[in-house]
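Structure record follows, encoded as structure tokens.
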Amino acid sequence: MSTWDAVWAGLIHILEPTAFLYMMLGIVISSTLVALPGIGSKTAIALLLPLAFTLDKFEAICLIVSVWAVSNTANSITSILFAVPGGSGSQATILDGYPMARNGEASRALSAAFTSSALGGIFGAIVLALSLPVLKPLVILLGPPEFFVLILFGIAMVSTLSGKNKAKGLVIGILGLLISSVGIHLVSGIPRFTFGNLTLMDGLNLIPVTIGLFAIPELISLVASGSSISKMELNNLDSGRRQGIRDSLTHWWLVIRSSLVGVWVGMIPGLGSSVADWFAYGHARATEKDAEKTFGTGDVRGVIAVDSATNAKEGGSLIPTLAFGIPGSSTLALVFGGLLIVGVKPGKEILTTHLDVTFSFIWLLIIASVITSLLCIVFIKPLAKATQVRPTLLVPIICAVSVVGAFANSNNFGDIIVMATFGVFGYWLRLHGWPRPPLLLGLVLGPEAERHLWTSFQLYEWEFVLRPITGSLLILLIMILGWPTIKALFVKMQGEKL
Amino acid sequence: MSLSASRAILGLSLLALFTYTLFAGLDMPFRASMLPVFASSLAIPLTLLAIYIERKTDNQITTQADESSGDLAVSESEVSADAFRRVRYFFLWFACLIASAHLIGFLIGLPLMVFIYLLAHREPLTLSIFLSSMVLVILYGGFQKGLVLPLPEGVLTMMLFGG
């Protein structure tokens, strides 16, 4: 089968009525479930996997892939409206999306998020299609030392969002790394920081920590302020919707750059799924005009950058999954499982004899992203009006659902205690201007960081930092962290010359 | 407790935590200790630096308002005495919410606590009943039946009615 034949065959397979219907079902299920805190695309795919046994190959692919492909778009709804991240990839959306909602611009923020998400999804899929021939050498180039430094890079990027006191961001990022080490060390069997507690033996799960760190402090903030999420009159919802779409199109260059960041980060197995949003946000904040002053206060560019990247990264994360059979994220590992159920084995086979399946994936990314974004844009009005609801109605209901969301993660009551503890800690951090996002990043990347640190040490001892790519990345990292100081010195020297 | 005292306690608590993790890490086998020791050794000087910068910034007349902090900013209305009183009540209710889920089960405890919260905030009775029922529908229909999530019965109800 030639490449062009595979392109068309891939499209025709998913446009068949039953397959298309399953794609629509996947879109509706995913959009509904990810709006519940703690219930992400992983839960939805896990629930639908048994269905794959009863479906035709392309029907199953349409159902499973569409659930995964559109979850990032729907994730933005709760992030923007209630500062509750729908999943680990939508945390950075909160930083500017939620303040926009509070300023009465929920409609504009949602519309910009959905449009950017669709554009990012299309961009990611195109990059995936174009990169198929040049995949292997790229990923093989990176070894454990490079992965370890890339993880440090991710944490440092997020810490640069911490305003003048970047040390605070770094400290909290490192705290996240340490929290990730709680539990029984898988290799040595040593319990670390568990204090004999059974819940802690399994380590701290991401979902209860995320709900605790982000949702609970925002609910406390609503209680403290005693007013609805949006204290302002909602601006004209129709014009907000149009404005959001216009914003995404006007900032097309930011969309492309953020999508590229998303694809690039998404390509790195284990790293991309949870950090692409932070990388894109950090990139936009560092490069956009006056972003240092306006980001975090409700700048639509913050929303556009994050949502372009989160959907574009899915195209990137498919690259190692399809080419080498290395799932780019834990959700993709489930998609991978679904593919195996219907007899499709990622790796060499999917790039040769089953190339039509690969292109079905690509078409699904494009079509499902566009349909979801359109559907979400149509329902913006009721979504935006939710920000006007009194906090006395919202707070108890979201709290109750958050408690179940934390529990649903592993059916363990201890996770609710974890959520409550991180809720109080998150409130404390927020009250005193310590950024919470780096903690999550450290927690997500901790196990990978530890594995790569140990492997790098075994292979090269501490000399691993001197390897060419590792060394270059470290120098770049130091430059990024030290850039404001270097810039200030440069400006001072220029001033003295004049 | 004043805000500045709370801020100082937060910084010092982090410092104490990292010192503990460093010493605890040093007692572990090399492989298990690598990340804790590496991370704690970096975190201790960085925490000291963060506290120093924070104190220095506090002493300056300029405020932090000229640059965003990378997290959602705290508004004036959230740090008033009245706001802290509301937050204390919220913490009490939240603790009761978790305790009720544990003692009388998710399906009874959570809707009940939602109902109490709504009534305590002078919401109309019919609306309170409707919203609490909606929570029950979400829990039972959405989570227990739809997602096949076994929501546990409470310890107290198990004792009284034998599950």
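The values are calculated or read from the model by the stated rules, or taken from the named source; none is laboratory data. Bear in mind the structure is a predicted one, so any value in this text is a computation, not a measurement. Neighbour counts run over all protein chains shown; Cβ positions are idealised from the backbone, glycine included. Side chains are part of the model used for accessible areas, which takes the heavy atoms of the whole protein and leaves out ligands, DNA and RNA. Shrake-Rupley method; radii C 1.70, N 1.55, O 1.52, S 1.80 Å.
Table for the structure above
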{"read-out": "Cα-based shape type of region B:3-64, given that a ≥ b ≥ c are square roots of the gyration tensor eigenvalues and the cut on a/c is 1.5", "value": "prolate"}
{"read-out": "Probe 1.4 Å, protein heavy atoms only - accessible area per residue of region B:79-161 in square angstrom", "value": "56"}
{"read-out": "Reduction of at least 50 Å² in accessible surface, 1.4 Å probe, comparing all protein chains with the chain by itself, residues of region B:104-128", "value": "B:Phe106, B:Tyr117, B:Glu123"}
{"read-out": "Residues losing 50 Å² or more accessible surface upon assembly, region A:408-436, compared with the chain by itself, 1.4 Å", "value": "A:Phe413, A:Tyr427, A:Trp428, A:Arg430, A:Leu431, A:His432, A:Trp434"}
{"read-out": "CD proxy at 222 nm, helix term only [per DSSP H run n ≥ 4: -39500 (n - 2.57); per residue of chain B; nearest 500]", "value": "-23500 deg cm²/dmol"}
{"read-out": "In Hz, Karplus ³J(HN,Hα) per residue of region A:56-63 (6.51, -1.76, 1.60; θ = phi - 60°; x = Gly, Pro)", "value": "5, 3, 6, 5, 5, 4, 4, 5"}
{"read-out": "Approximate spin-label separation A:Lys345-A:Phe20, in nm, with each point projected 7 Å along Cα-to-Cβ", "value": "3.4"}
{"read-out": "Debye log10 I(q)/I(0) for region A:402-455, one point scatterer per Cα, at q = 0.13, 0.18 Å⁻¹", "value": "-0.46, -0.77"}
{"read-out": "Buried on assembly, region B:6-29 (at least 30 Å² less accessible surface than by itself, 1.4 Å probe)", "value": "B:Ser6, B:Arg7, B:Leu10, B:Leu14, B:Phe18, B:Tyr20, B:Thr21, B:Met28, B:Pro29"}
{"read-out": "Relative contact order, percent, chain B [alpha-carbon distance under 8 Å, six or more residues apart]", "value": "16"}
{"read-out": "Length gained when the stretch A:Thr352-A:Met479 is fully extended (0.36 nm per residue, less Cα-Cα span)", "value": "41.4 nm"}
{"read-out": "Solvent-accessible area buried by A and B, counting both chains, probe 1.4 angstrom, square angstrom", "value": "7200"}
{"read-out": "Net lengthening on full extension, B:Ile53/B:Ile129 (0.36 nm per residue, minus Cα-Cα)", "value": "22.3 nm"}
{"read-out": "Rounded to whole Hz, the Karplus (6.51, -1.76, 1.60) HN-Hα couplings of region A:195-200, x for glycine and proline", "value": "6, x, 7, 5, 4, 6"}
{"read-out": "Among B:Leu22, B:Leu97, B:Leu139: highest mean-square fluctuation, GNM of chain B, C-alpha pairs under 10 Å", "value": "B:Leu22"}
{"read-out": "Label-point separation in nm, B:Arg85 to A:Val491, each point 7 Å along Cα→Cβ", "value": "4.5"}
{"read-out": "Region B:3-64 - percent of accessible surface contributed by carbon and sulfur, probe 1.4 Å", "value": "69"}
{"read-out": "Interatomic Cα distance distribution for region B:79-161, bins of 5 angstrom, percent", "value": "3, 15, 19, 20, 19, 13, 7, 3, 1, 0"}
{"read-out": "Around A:Gly124: net Lys/Arg minus Asp/Glu count, Cβ-Cβ under 9 Å", "value": "0"}
{"read-out": "Long-range amide H partners of A:Arg192 with built H, under 5 Å", "value": "A:Gly183, A:Ile184, A:His185"}
{"read-out": "Two-site FRET efficiency, B:Met158 against A:Val389, from Cβ-Cβ distance with R₀ of 35 Å, rounded to 0.05", "value": "0.45"}
{"read-out": "Length released on extending from A:Asn197 to A:Arg246, taking residue separation times 0.36 nm less the Cα-Cα span", "value": "12.4 nm"}
{"read-out": "Efficiency of FRET from Cβ geometry, A:Ser472 and B:Val137, R₀ 51 Å, rounded to 0.05", "value": "0.35"}
{"read-out": "Using θ = phi - 60° and Karplus 6.51 cos²θ - 1.76 cosθ + 1.60, couplings along region A:11-28 (whole Hz; Gly, Pro as x)", "value": "5, 4, 4, 8, 8, 5, x, 5, 4, 4, 4, 5, 5, 4, 4, x, 4, 5"}
{"read-out": "Cα gyration tensor shape for chain B, rounded if a/c is under 1.5, else prolate or oblate", "value": "oblate"}
